[in-house]
Amino acid sequence: MEHSFWHSKWQKNEIGFHEPEGNALLVKYASYLLGEDSPSTSLKRIFVPLCGKTRDIAWLLSKGCEVVGAELSEVAIIQLFEELDAEPTVTPTAKGKVYAKDGLTIHVGDIFKLTSSDIGDVTGVYDRAALVALPSPLREQYAAHLIAITQCAPQLIISFEYDQNEMAGPPFSVNEKTVESLYSADYNIQRLERSVLEGGLKGKVDADNLVFALAAK
Ligand SMILES: C[S@@+](CC[C@H](N)C(=O)[O-])C[C@H]1O[C@@H](n2cnc3c(N)ncnc32)[C@H](O)[C@@H]1O
């Protein structure tokens, strides 16, 4: 999608993808990112690509994680910090801006411009509605870039599968075969869940939630 597509969505507040209560599947499968111990002994630093203003960031912070995000829309990130009731420092960079407060750092700009040194070491990647937001072949570019900038950090991916003929994306249908084709050279992939998306996608088409855990080979 063009950047203007997403900027326009945020400007018009057409953000049906945003979940005001956060995502229950993150809570259910968080141990794949955070470890079994609670609270975990080692600090987790989770990268959230294409983060929007997801409430999942607040949840990860509440679990003691540091969070690094990447998001195109400054509108989204201003709202994210407002909703967290946090006053960030804002630093202009050659690639956009960095919003930061305590354990939360968000890179505002195009994720494809970020390098591993921009985001720093991360212990995991949480991809909800990021892979599915991108059309192929941008999706291939995104997967390769994500592997490079996170140095193959473990991932928890939440995607949708539905009949792509029934609806144009985004979100696009990203099934197990697609995840395998994108990531199986670098990761062992485990499908953790397939469940019916209650109410369908946008209330229009039947869809399944898919959850995958990726561990580096
Ligand atoms: C479908 S939304 C998902 C947001 C979030 N993950 C969630 O679950 O609510 C996709 C987000 O990706 C952002 N985005 C799209 N292309 C991007 C890019 N090239 N770099 C950074 N963010 C991008 C959009 O602005 C949008 O907020």
- Message: As an exercise: evaluate Thr150 against (1) in contact (Cβ under 8 Å) with a residue 60 or more places away in the chain; (2) within 11 Å of the ligand (Cβ to nearest atom) and give the number of the one condition it does not meet.
- Response: (2)
- Message: Quick check on region 183-190. Is at least one of its residues in contact with a helix residue (DSSP H, G or I) (Cβ under 7 Å, 6 or more places away or on another chain), crowded, with 20+ Cβ neighbours inside 10 Å and touching a residue at least 24 places away in the same chain (Cβ under 8 Å)?
- Response: yes
- Those strands (runs of 3 or more DSSP E) completely within region 1-108 that have 1 or more residues that are touching a residue at least 24 places away in the same chain (Cβ under 8 Å) and under 14 Å from the mean Cα position of the chain (by Cα) are 45-49, 66-71, 104-108
- Name every residue in region 114-134 that is assigned to a helix (DSSP H, G or I) and within 13 Å of the ligand (Cβ to nearest atom), in order of residue number. Asp118, Ile119, Leu131, Val132, Ala133
- Can you confirm whether region 172-193 contains a residue that is in contact with a Cys (Cβ under 8 Å, 6 or more places away or on another chain) and in a strand (DSSP E or B)? yes
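Each value in this text was obtained by applying a stated rule to the coordinates, not by laboratory testing. Source: prediction; values computed, not measured. Because the Cβ atoms are built from the backbone with ideal geometry, glycine has one as well, and the counts that use them run over all protein chains shown.
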